[in-house]
Amino acid sequence: MGLKKMPTLRIGALEAEMPIVQGAMGVGISLSDLASAVANAGGIGVIATPGIGQFEPDWDTNAKDANERALRKVIRKAKARTSGIIGVNVMVALSDYDNLIQCSVDEGADVLFLGAGLPLALPKTLPLAKLGELATKFVPIVSSGRAAKLVFKAWQKRYNHVPDAVVVEGPLAGGHLGFKKEQIDDPDYALEKILPDVIAVVRPYEEQFNRSIPVIAAGGIYTGADIHRFTELGAQGVQMGTRFVATHECDASMEFKEAYLSCKKEDIIIIDSPVGLPGRAIRDKFFERVSSGLKETFKCSWKCLRSCNFKNVPYCIALALTNAKKGNLEEGFAFAGANAYRVDKIVSVKELIGSLVEEYMAVAIQGSTATGMPV
């Protein structure tokens, strides 16, 4: 018998050689360089849309058009560098959510990941009666079986169509979290507990619509052994963000990457984001300043998040994340997953994927040997 390989990940007609989705990281951390490198290595590379227009000349005066223009450029650049699968993540909370989805479909994005809120409706500019005929696949990101049920029921009723896959993200993820603060360390909300709930919600829809709807596990997945564990629990793939920051191809500044390399476990903290959600980030001088009660001075030229009450918040999170992407960590901070302190070197995406495969195989072979099954 040949060696048991890492499984592929199929989303509709798309097939990724590796069951690995690179998590979208904004502002500007996962753009064309990282996404295309992951796609070339056999995974699904994902472009993050928040603040994507920040380097366009009219960002301060015409952010909506700047975002759309920049997204088109980044998708085209990524697709020119790979024949692999390129996805785009659009946050439901973004003010230009509809616009960015339509833009992504127009530019031929292979997959759209929809998170930071429940995507109960899609832009009316899409051919909503024929969603299944679009080449672009739609994948909501949820944090519970209940949330998955709400999305699937809404889409079935509105479009007679359901998502092509679903990502279930646990509380160990980086950035904004879909949990209350008290739930983050509660074992009842661990990814291992919520994954089966989401799988149970999706299964009847697979039967009803006579197609496979993969469930992708996310949040705190760090090693190939983790990938093996969650695929054994029923996930058809995993989403990983933190590991991809410490790669040569990541679009962040070297200072941003070094924040991961130098942080300790106690440096990774849960913050109260100005947009009303808990988030996980790396503690730095900026946090010390704003935690002391000082209010940062900033000008809001574009209310990028629908829920942001920019007149009352202590700082602009979009500006803080943009500064961090550029390497100015005196005026910003890095979002990070719970395992960021384990990062100890910068490698290429190809090396990272290779090590994940080796770790996965080591556990798979060990398990097969222990059960007496052929490998």
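The values are calculated or read from the model by the stated rules, or taken from the named source; none is laboratory data. The model shown is predicted, which means the values in this text are computed figures rather than measured ones. Glycine also receives a Cβ, built like all others from the backbone with ideal geometry; neighbour counts cover every protein chain displayed.
Listed values, structure above:
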| item | result |
| --- | --- |
| Residue match in region 25-34 (condition: surrounded by 24 or more Cβ atoms within 10 Å (Cβ to Cβ), under 23 Å from ARG229 (Cβ atoms) and either within 13 Å of the chain's Cα centre (by Cα) or in contact (Cβ under 8 Å) with a residue 24 or more places away in the chain (or both)) | no |
| Pairs, first crowded, with 20+ Cβ neighbours inside 10 Å in region 90-113, second part of a helix (DSSP H, G or I) and of a type in the set (S, T, N, Q), C-beta under 6 Å, six or more apart | ASP96/ASN67; LEU112/SER104 |
| Residue match in region 112-125 (condition: at pLDDT 95 or above and within 18 Å of ALA235 (Cα to Cα)) | yes |
| Top-ranked residue in region 172-216 [being of a type in the set (A, V, I, L, M, F, W, C) and within 20 Å of ALA281 (Cβ to Cβ); ranked as nearest to the chain's Cα centre (by Cα)] | ALA173 |
| Filter result for the condition that a residue is under 27 Å from ILE194 (Cβ atoms) and free of Cβ contacts under 8 Å to residues at least 24 places away in the same chain, over LYS130, LYS149, LYS157, LYS137 | LYS157 |
| Residue, nearest to ASP164 (Cα to Cα), within region 227-252, restricted to residues that are in contact with a helix residue (DSSP H, G or I) (Cβ under 6 Å, 6 or more places away or on another chain) and among the polar types (S, T, N, Q) | THR242 |
| Pair list, Cβ under 9 Å, 6 or more apart: region 193-217 residue under 10 Å from VAL168 (Cβ atoms), other residue of a type in the set (S, T, N, Q) and surrounded by 21 or more Cβ atoms within 10 Å (Cβ to Cβ) | ILE194/SER143; ILE216/GLN239; ALA217/GLN239 |
| Residue satisfying condition, being buried (at least 21 other Cβ atoms within 10 Å of the Cβ), modelled with pLDDT of 90 or more and part of a loop (DSSP other than H, G, I, E, B), within set VAL202, VAL162 | VAL162 |
| Selection from region 46-82 of residues that are assigned to a loop (DSSP other than H, G, I, E, B), small (Gly, Ala, Ser) and in contact (Cβ under 8 Å) with a residue 40 or more places away in the chain | GLY51 |
| Filter result for the condition that a residue is part of a helix (DSSP H, G or I), β-branched (Val, Ile, Thr) and under 24 Å from ASP164 (Cα atoms), over VAL38, VAL21 | VAL38 |
| Flag for GLY108 being among the small types (Gly, Ala, Ser) and at pLDDT 95 or above | yes |
| Residue identified as surrounded by 21 or more Cβ atoms within 10 Å (Cβ to Cβ), among the β-branched types (Val, Ile, Thr) and part of a strand (DSSP E or B) among ILE216, ILE194, ILE221, ILE227 | ILE216 |
| In region 63-89, the residues that are over 17 Å from ALA35 (Cα atoms), crowded, with 19+ Cβ neighbours inside 10 Å and out of contact with any helix residue (DSSP H, G or I) (no Cβ under 8 Å at 6 or more places or on another chain) | ALA63, ALA66 |
| Among the candidates GLU133, GLU169, residue that is of a type in the set (Asp, Glu), within 26 Å of PRO19 (Cα to Cα) and under 15 Å from the mean Cα position of the chain (by Cα) | GLU169 |
| Top-ranked residue of region 231-248 - restricted to ones that are buried (at least 22 other Cβ atoms within 10 Å of the Cβ) and not polar (S, T, N, Q), ranked as farthest from ILE52 (Cα to Cα) | ALA235 |
| Of the criteria (1) surrounded by fewer than 24 Cβ atoms within 10 Å (Cβ to Cβ); (2) more than 16 Å from VAL238 (Cβ to Cβ); (3) of a type outside the set (Val, Ile, Thr), which one LYS5 fails | (2) |
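For every residue, the table says whether it meets (1) part of a helix (DSSP H, G or I); (2) at pLDDT 85 or above; (3) over 27 Å from TYR260 (Cα atoms).
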| site | (1), (2), (3) |
| --- | --- |
| LYS303 | no, no, yes |
| PRO314 | no, no, no |
| GLU330 | no, yes, no |
| GLU359 | yes, yes, no |
| ALA364 | yes, yes, yes |
